[in-house]
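Taking it in order: structure first as structure tokens, then the write-up.
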Number of protein chains: 2
Amino acid sequence: MSITKQTIELFYDVVSPYSWIAFEELCRYRTKWNIDLKLRPFFLGGIMQSSGNKPPASVPAKGDYMVHDISRLRRFYHIPVNFPANVAEVLFVKGSLAAQRFLTAVQITKPELVEPLSRELWMRIWSRDEDIASLDSLRQAGRKIGLLEPEIDGLIDQSKGDSVKNRLKQVTQEALDAGAFGAPTIIVHDLDNTKNLVFGSDRMLIIAMLLGEQYVGPLTELAPSKL
Amino acid sequence: MSITKQTIELFYDVVSPYSWIAFEELCRYRTKWNIDLKLRPFFLGGIMQSSGNKPPASVPAKGDYMVHDISRLRRFYHIPVNFPANVAEVLFVKGSLAAQRFLTAVQITKPELVEPLSRELWMRIWSRDEDIASLDSLRQAGRKIGLLEPEIDGLIDQSKGDSVKNRLKQVTQEALDAGAFGAPTIIVHDLDNTKNLVFGSDRMLIIAMLLGEQYVGPLTELAPSKL
């Protein structure tokens, strides 16, 4: 283990359940690996459009498979993922633009709250089947992580402004420039200081190899109690 | 560990490098897990066409990513995967129909040779950049695994006949009926005798969970010496 922490950048969108899994895995492994985890909310809609990629469920058999796959990953990682009742509406009509802008505002103003807010937004959309598209929903999420009403007002205002919109576009473009075509996209800065693009929640063994660290399982004992 | 072996069916096509990785992983884990591994060569072209799925490289950024991903998996698993120089021609023009039919003939007539023949075909297409489309190439692969000329003649003849063609179609249809949309497709018969469809070479931790077994790493010490 080197003295300098190695950086892992996690590009994610709360619309993506596999991003949630990668997020919890990497948050847990901060306690085992000598890593500096940088949370980088981006806009998955922009990634899919620019890369020409299609959501998995655009192939019907893949959509059916995802339900089983996610349910097994839930059991393996102890992450309470549930499919929303109307998954097409939640993912493709309502989407995550307002949520990712709100997260971006929080990252600029209160970066220490990006982790709990991301988790709470995933709990809403991907566990309790609650809305994340309306401003009222975002306010509820903000309250849940302990923000005060005036702070929430400020962050909501900020999230509608150009600096947040531009920041979210920049982060999304940075991921595209690095080769992203979906979420989660992980950039592992390895021992040789090379940036390694890794896609998906299922490459923890490979990330461990790149870091020269050991993978020791899903660390379910570190699942936050609120999960 | 139960006394009865649990069955794992591996549906694969030698055109798919991720299938090779799953194949070697599962062949190695036969020595650790109480499993009966059933090798089930199918035709990936038929799976893609019927499911409406597209090859990963149809999204350019995904194609670029695969090169890096495969190179890291090669290092992790000690499987000597190399991209063919002209990957589009090898995968989409030449394809694997003749090879999968030859494998099917071998499975009917000399089932114990399906494993070494599959490995040799992968070595040809996905390691040494050699052809697997011509009958002469299939003959060379047959010789390499110790088949005699008259045996090869018989298997080549057999591979052109209706019983082999129909058998390959049947296996492909069986995978489609189980929900397949790509390769490798793995069916894990778990402790409750439920059939679990698993996609990809990156679900060994989940397969271990379904079997009630332990995953203990890539078992690189079991890499065949010829690799």
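The values are calculated or read from the model by the stated rules, or taken from the named source; none is laboratory data. Note that this is a predicted model, so its numbers are computed, not measured. Cβ atoms come from the backbone with ideal geometry, glycine included; neighbour counts cover every protein chain shown. Please note that ligands, DNA and RNA were not included when accessible areas were found on the heavy atoms of the full protein model with its side chains. Shrake-Rupley method; radii C 1.70, N 1.55, O 1.52, S 1.80 Å.
Annotations for the structure displayed:
- Amide proton proximity set for residue A:38, modelled H, under 5 Å, gap of 5+: A:8, A:9, A:10
- In Hz, Karplus ³J(HN,Hα) per residue of the stretch A:144-151 (6.51, -1.76, 1.60; θ = phi - 60°; x = Gly, Pro): 4, 9, x, 6, 8, 3, x, 5
- Cα-centred dipole magnitude for the stretch A:1-49, charges only on beta-carbon of K, R (+1) and D, E (-1), debye, nearest 20: 200
- Across all directions, the shadow cast by the convex hull of chain B built on its C-alpha atoms averages 12.1 square nanometres.
- Label-point separation, residue A:192 to residue A:148 (7 Å along Cα→Cβ), nm: 5.2
- Of B:31, B:73, B:184, farthest towards positive along the dipole that unit charges on Lys, Arg, Asp, Glu beta carbons give chain B: B:73
- Trypsin sites (Lys or Arg not before Pro) within the stretch A:176-227, DSSP loop, no more than 16 other Cβ atoms inside 10 Å: A:226
- Convex hull (Cα only) mean projected area of the stretch B:53-182, reported in nm² to one decimal: 8.7
- Percent RCO, i.e. relative contact order, over chain A, from Cα pairs under 8 Å lying at least 6 residues apart: 31
- Distances in nm from residue A:169 to the matching label points in the other copies, shortest first (labels 7 Å along Cα to Cβ): 5.4
- Net dipole in debye of the stretch B:6-222 [+1 Lys, Arg Cβ; -1 Asp, Glu Cβ; about Cα centre; nearest 20]: 200
- If R0 is 41 Å, the Cβ-Cβ spacing of residue A:108 and residue B:7 corresponds to a FRET efficiency of close to 0.15.
- Candidate aspartates and glutamates - alpha carbon under 12 Å from residue B:144, same-chain residues fewer than 8 apart omitted: B:120
- Spatial separation of Cα centroids for the stretch A:105-119 and the stretch A:151-178, in angstrom: 12
- Using a 7 Å Cα-to-Cβ projection, residue A:151 label spacings across copies, nm, ascending: 7.3
- Accessible area in square angstrom per residue, the protein assembly as shown, 1.4 angstrom probe: 42
- Gaussian network model of chain A, Cα within-10 Å springs - most flexible of A:141, A:22, A:61: A:61
- Label-point separation in nm, residue A:58 to residue A:178, each point 7 Å along Cα→Cβ: 2.3
- Distances in nm from residue A:36 to the matching label points in the other copies, shortest first (labels 7 Å along Cα to Cβ): 5.5
- Of all chain A C-beta atoms, the nearest to the rotation axis linking A with B is recorded, alongside its rounded Å distance, as A:202, 2.
- From phi via Karplus (6.51, -1.76, 1.60), per-residue ³J(HN,Hα) for the stretch A:128-139 in Hz, x at Gly/Pro: 9, 6, 10, 5, 10, 8, 7, 5, 4, 5, 5, 4
- Averaged over residues, the count of other Cβ atoms within 10 Å places the peptides B:215-224, B:63-72 in the sequence B:63-72, B:215-224, highest first.
- Radius of gyration and Dmax over the Cα atoms of the protein assembly as shown, both given in Å: 23.6, 85
- Phi angles of the stretch B:112-121 translate, via the Karplus equation with coefficients 6.51, -1.76, 1.60 and θ = phi - 60°, into HN-Hα couplings of 5, 9, 4, 5, x, 5, 4, 4, 5, 5 Hz per residue; Gly and Pro are given as x.
- Label-point separation in nm, residue B:131 to residue B:216, each point 7 Å along Cα→Cβ: 4.5
- Other protein chain C-beta atoms within 10 Å of residue C-beta, averaged over B:119-127: 0.
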